[in-house]
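Worksheet: one structure, shown below.
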Amino acid sequence: MTDTSTEVLVVGAGPTGLALGCELARRGITVRVVDGRDEPHRESRGKTLNAGGLAVLEQAGVADRIRGIGNPGLLFRKYFDGEQIEDSTVPGILFIGQWQIEEVLRRRLADLGGQVEYGARVAGIAQDGQGVTATLADGRRVHSEWLAGCDGGGSTVRRLLGIPFEGYTDEEQSMVVGDVRAPGLSRTFWHQWYTSDGAAMMLCPIPGTEVFQLQSSPERDAEGRALPPSAEGFRRLFDRHARMPGIRPADASWMSTWRVNVRMAGRLREGRAFLAGDAAHVHPIAGGLGMNTGLQDAAALARALSGETAPETYESERLAAAAHVLSDSTERMRRVLAATRTPGTGTEAGLG
Ligand SMILES: Cc1cc2nc3c(=O)[nH]c(=O)nc-3n(C[C@H](O)[C@H](O)[C@H](O)COP(=O)(O)OP(=O)(O)OC[C@H]3O[C@@H](n4cnc5c(N)ncnc54)[C@H](O)[C@@H]3O)c2cc1C
């Protein structure tokens with residue numbers, strides 16, 4: 001197998017890894033971004049950018065392209081027990097699908113002379129005082145001066161480095177999520193249906209597409225266990241919550257289950273390897289802070305790896321930011337859950 005080398009190896013081509021790749025390439029640092037997937041995904045996932053996330057994208061030179069795709073003034077339409085109650089909006093938030101942000105960052109990285117290699121899953125890491133050697137699942141080896149683990153909540157890099165991921169998983173609270181079309185449903189609104197028993201369903205239009213991101217309380221079996229998502233389940237949930245005969249979710253292109261995890265890495269550095277993004281912290285989605293925090297990690301890590309700040313500064317600053325986002329998003333989640341019990345209020349209680 002051929003060995004290759006680069007100054008920085010970025011593991012993971014989500015928003016964190018791609019933003020880091022752009023920020024390093026922009027500073028003239030040789031960077032390779034590898035991802036275990038066979039190809040880019042088209043999942044809506046993180047769909048809000050706040051001022052902090054946009055500031056990073058501004059520095060990376062892609063904010064105008066992102067603004068050109070995103071929707072800044074989305075109206076939240078709230079229903080309670082099937083009845084339409086209230087429309088409102090939250091200023092300062094740009095709605096856009098995560099895959100759309102990733103696509104723009106990939107293009108920017110290519111313009112800067114970098115590229116993403118798919119089908120390249122990191123399976124081993126060894127390091128000494130001079131550098132890091134990553135072994136890919138197919139046996140190829142990549143030598144680098146520094147390595148950045150931006151490989152998401154289930155981070156292999158974090159595990160290989162022996163860094164604990166401290167916190168808890170709330171098995172009770174879960175959501176089914178996915179991307180669907182819903183012909184006939186207005187795309188002017190983020191539709192949010194709440195019911196007096198505390199259940200919820202939301203359909204948010206992803207700009208420039210026919211797709212809505214669907215988020216819903218799951219269906220449950222006779223023992224109360226949450227059922228996994230399915231196309232048929234999405235239709236049943238929609239009928240139960242929206243009560244709009246004639247409109248049906250269709251063509252589910254992504255389906256997943258989301259659980260509340262509140263965890264952060266015990267440290268962000270082991271020798272010449274670092275963690276950033278979801279690999280370093282996971283937390284409730286209320287407030288839409290996950291991707292935005294990862295983008296800010298990427299900007300801080302690029303400063304550290306280019307010598308503008310000390311590596312220790314990266315670790316202390318971003319560990320403090322991670323601790324803050326865990327408690328902040330947990331409090332936002334509490335506010336949102338309380339708001340959904342009151343007709344006319346909902347997710348905006350966690351934003352801003
Ligand atoms: C339904 C939903 C809604 C959300 N809403 C918001 C929101 O509104 N705002 C917000 O800011 N965030 C939101 N989030 C959170 C957001 O999606 C995450 O915080 C974000 O994806 C984290 O980005 P990341 O780049 O750190 O990790 P990821 O996006 O998980 O990317 C990690 C990448 O690493 C790759 N990888 C994994 N293991 C390996 C390996 N061993 N070798 C090589 N590559 C590997 C994966 O293939 C993947 O491409 C939401 C999430 C969900 C599910």
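Going through R272, R267, R263 one at a time, which residue ends up being under 30 Å from Q130 (Cβ atoms) and in contact with a Gly (Cβ under 7 Å, 6 or more places away or on another chain)?
Numbers: R267 fails: in contact with a Gly (Cβ under 7 Å, 6 or more places away or on another chain); R263 fails: under 30 Å from Q130 (Cβ atoms).
Just a single option satisfies the conditions, and that option is R272.
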**Request:** State whether one or more residues within the stretch 254-261 are surrounded by 24 or more Cβ atoms within 10 Å (Cβ to Cβ) and either β-branched (V, I, T) or part of a strand (DSSP E or B) (or both).
**Result:** no
**Message:** Can you find a residue that is in contact (Cβ under 8 Å) with a residue 24 or more places away in the chain, under 18 Å from G294 (Cα atoms) and either within 10 Å of the ligand (Cβ to nearest atom) or small (G, A, S) (or both) anywhere in the stretch 77-86?
**Reply:** no
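Go through the stretch 299-312 and count every residue that is part of a helix (DSSP H, G or I), in contact with a helix residue (DSSP H, G or I) (Cβ under 7 Å, 6 or more places away or on another chain) and at pLDDT 95 or above.
As a first pass, look at the stretch 299-312 and keep what is part of a helix (DSSP H, G or I): 299-305, 311-312.
Filter once more, keeping what is in contact with a helix residue (DSSP H, G or I) (Cβ under 7 Å, 6 or more places away or on another chain): 299-302, 304-305, 311.
Next cut, at pLDDT 95 or above only: 299-302, 304-305.
Matching residues across the stretch 299-312 total 6.
Table: residues versus (1) outside any strand (DSSP E or B); (2) modelled with pLDDT of 95 or more; (3) within 13 Å of the ligand (Cβ to nearest atom).
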| site | (1), (2), (3) |
| --- | --- |
| Q100 | yes, yes, yes |
| D138 | yes, yes, yes |
| L147 | no, yes, yes |
| D151 | yes, yes, yes |
| V157 | yes, yes, yes |
| L160 | yes, yes, yes |
| I163 | yes, yes, no |
| D170 | no, no, no |
**Asked** Of the residues that make up the stretch 194-211, is at least one surrounded by fewer than 20 Cβ atoms within 10 Å (Cβ to Cβ), within 21 Å of G73 (Cα to Cα) and in contact with a helix residue (DSSP H, G or I) (Cβ under 7 Å, 6 or more places away or on another chain)?
**Response** yes
**Asked** Just for the stretch 118-136: of the residues that are assigned to a loop (DSSP other than H, G, I, E, B) and more than 18 Å from G14 (Cβ to Cβ), which one is farthest from the ligand (Cβ to nearest atom)?
**Response** G129
**Prompt:** Can you tell me which residue in the stretch 275-301 is farthest from L18 (Cα to Cα), limited to those that are within 6 Å of the ligand (Cβ to nearest atom) and not small (G, A, S)?
**Reply:** I285
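For the condition more than 17 Å from E270 (Cβ to Cβ), touching a strand residue (DSSP E or B) at 6+ places or on another chain (Cβ under 7 Å) and not aromatic (F, W, Y), what is the one hit in D151, D179, D197, D138? Steps first, answer last, please.
Numbers: D151 fails: more than 17 Å from E270 (Cβ to Cβ); D197 fails: touching a strand residue (DSSP E or B) at 6+ places or on another chain (Cβ under 7 Å); D138 fails: touching a strand residue (DSSP E or B) at 6+ places or on another chain (Cβ under 7 Å).
Unique residue meeting the criteria: D179.
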**Request:** Would you check if D251 is surrounded by fewer than 14 Cβ atoms within 10 Å (Cβ to Cβ), among the acidic types (D, E) and closer than 28 Å to R335 by Cα?
**Result:** no
**Asked** Quick check: is even one residue across the stretch 54-72 assigned by TED's automatic domain parsing to the domain that holds V157 and near the ligand (Cβ under 9 Å from one of its atoms)?
**Response** no
**Request:** Kindly check whether there is at least one residue in the stretch 153-167 that is surrounded by 19 or more Cβ atoms within 10 Å (Cβ to Cβ) and over 30 Å from D297 (Cβ atoms).
**Result:** no
**Complete:** Going through (1) within 30 Å of L9 (Cα to Cα); (2) small (G, A, S); (3) in contact with a Gly (Cβ under 9 Å, 6 or more places away or on another chain) one by one, G307 fails only at (3)
**Request:** Tell me, please, whether a residue that is touching a His at 6+ places or on another chain (Cβ under 8 Å) and either part of a strand (DSSP E or B) or surrounded by fewer than 13 Cβ atoms within 10 Å (Cβ to Cβ) (or both) can be found in the stretch 182-191.
**Result:** no
**Request:** Those residues that are near the ligand (Cβ under 6 Å from one of its atoms) and out of contact with any Asp or Glu (no Cβ under 6 Å at 6 or more places or on another chain), I need them from the stretch 29-47; list them, please.
**Result:** D35, G36, R37, R45, G46, K47
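Given the criteria at pLDDT below 95, more than 12 Å from the ligand (Cβ to nearest atom) and closer than 30 Å to G131 by Cα, does D111 qualify? Lay out the reasoning, then the answer.
Working: at pLDDT below 95: no; more than 12 Å from the ligand (Cβ to nearest atom): yes; closer than 30 Å to G131 by Cα: yes.
Against the criterion (at pLDDT below 95, more than 12 Å from the ligand (Cβ to nearest atom) and closer than 30 Å to G131 by Cα), D111 does not qualify.
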**Prompt:** Any chance the stretch 23-46 includes a residue that's more than 29 Å from Q130 (Cα to Cα), within 15 Å of the chain's Cα centre (by Cα), polar (S, T, N, Q) and not in a helix (DSSP H, G or I)?
**Reply:** yes
**Message:** Quick test of your reading of the structure: P15 fulfils all but one of (1) within 15 Å of the ligand (Cβ to nearest atom); (2) more than 18 Å from the chain's Cα centre (by Cα). Name the failing condition by number.
**Reply:** (2)
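The values are calculated or read from the model by the stated rules, or taken from the named source; none is laboratory data. Bear in mind the structure is a predicted one, so any value in this text is a computation, not a measurement. Cβ coordinates were reconstructed from backbone atoms using ideal geometry, including for glycine residues, and neighbour counts include every protein chain displayed.
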